[in-house]
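Before any comments, here is the structure.
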Amino acid sequence: MFTLIKHKSNFNFLSKKKFAIIVSSILIIFSILSFSVKGLNFGIDFSSGYIVQLKFEKDLNISNVRNAFEKNGVSDSIIQYFGSNNEIIIKFKEDSSFSKDTVNNFLTKSLSEDYNFDILKLEFVGSQIGAELREKGEWAMLVALLCILLYIGLRFEFLFGIGAIIALIHDVIITLGIFSILQLEFNLSVLSAVLAVIGYSLNDTIVVYDRIRENSRTVRNDSFIDVLNSSVNQTLSRTVITSLTTLFVLLSLYILGGAAVENFALAMIIGILIGTYSSIYIASTSLYYLGVDINKDGD
């Protein structure tokens, strides 16, 4: 028979609060500078381009199609199978190599020597539609943050809601900042990943906040720093295990999922790493600097 020994962690996280704030501030500053200088590398969902559906007589390898496009001057196309191995969806950004009227010629020039195919669908996504999608995406994030503030304000108290919003804005800015710095493509799948990260990070933050509230009611003699440290330590194993198991799945998606889900998985990986960090450091540190009154909360 084996005896399970539970080890209770006792890390002094709040002693590193100033260092955490400095690191986060540097990352946020670099992210904002990148937004100003480079901006986000919007995919055709948010800019303008073409969506083409092709059907071939026989199965084909996507990498061969991509190589054929690259030989003709287009290196940023997104290609994925559609239902079977002889049917594909291609997404092109608007490019100087072709126009709305000549994209058929570009496809014929690139592929007709090696493949016989039919064009089942050819759609142009204009910049006006892309701008509308960007605006709706921004509103989606704003509404999500406001609803979170309202919920946590009612569930705990208003300052807890402010602390959670600070942590979430921190996660979103840094995640988008990394995409801007590296000029990774930002499309609808990445936007959905960012919204998922908001929910994931919020879940971790609420677990920590709930433990802080419980400890503030039962422990009267400790300082607020001690309450914060003990609360983060008590939820640490749950936070780490949940993050690691989710990361295993996302790494599998990133490595094996192909180009269609690559940026989605990468955005989730970055967001979960940043969100786990913010749940441990930023969310609790925010409460300390906001001056939450634990005696009031415990009454």
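Structure data summary
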item	result
Which listed residue is closer than 22 Å to V190 by Cα and either polar (S, T, N, Q) or without any contact (Cβ under 8 Å) to a residue 24 or more places away in the chain (or both), from S15, S47	S47
Residues that are surrounded by fewer than 16 Cβ atoms within 10 Å (Cβ to Cβ), out of contact with any helix residue (DSSP H, G or I) (no Cβ under 6 Å at 6 or more places or on another chain) and assigned to a helix (DSSP H, G or I), drawn from the range 274-293	Y288, Y289
Positions within the range 151-193 being under 30 Å from Y50 (Cβ atoms), in contact (Cβ under 8 Å) with a residue 12 or more places away in the chain and not in a helix (DSSP H, G or I), in sequence order	Q183, L184, E185, F186, N187
One residue from T235, T245 being more than 22 Å from S25 (Cα to Cα) and in contact (Cβ under 8 Å) with a residue 12 or more places away in the chain	T235
Breaking point among (1) over 25 Å from L142 (Cβ atoms); (2) at pLDDT below 85; (3) of a type in the set (S, T, N, Q), for N187	(1)
Failed item, numbered, when S223 is tested on (1) in contact with a Gly (Cβ under 9 Å, 6 or more places away or on another chain); (2) closer than 18 Å to S284 by Cα; (3) among the polar types (S, T, N, Q)	(1)
Single unsatisfied condition, T246 versus (1) under 14 Å from N10 (Cβ atoms); (2) surrounded by 15 or more Cβ atoms within 10 Å (Cβ to Cβ)	(1)
Residue satisfying all of: in the range 219-254; under 17 Å from the mean Cα position of the chain (by Cα) and among the aliphatic types (A, V, I, L, M); nearest to I90 (Cα to Cα) among these	L253
Positions within the range 158-190 being over 27 Å from I22 (Cα atoms) and either surrounded by fewer than 16 Cβ atoms within 10 Å (Cβ to Cβ) or of a type in the set (A, V, I, L, M) (or both), in sequence order	L188, V190
Of residues in the range 22-67 being under 30 Å from L111 (Cα atoms) and of a type in the set (D, E, K, R), the one surrounded by the fewest Cβ atoms within 10 Å (Cβ to Cβ)	K58
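Quick grid of which residues meet (1) part of a loop (DSSP other than H, G, I, E, B); (2) at pLDDT 80 or above:
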site	(1), (2)
L33	no, yes
D45	yes, no
Q53	no, yes
R66	no, yes
Y81	no, no
I89	no, yes
D114	yes, no
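The values are calculated or read from the model by the stated rules, or taken from the named source; none is laboratory data. Not measured: the values here are computed from a predicted model. Methodologically, a virtual Cβ is constructed for each residue, glycine included, from the backbone with ideal geometry; neighbour enumeration extends over all protein chains shown.
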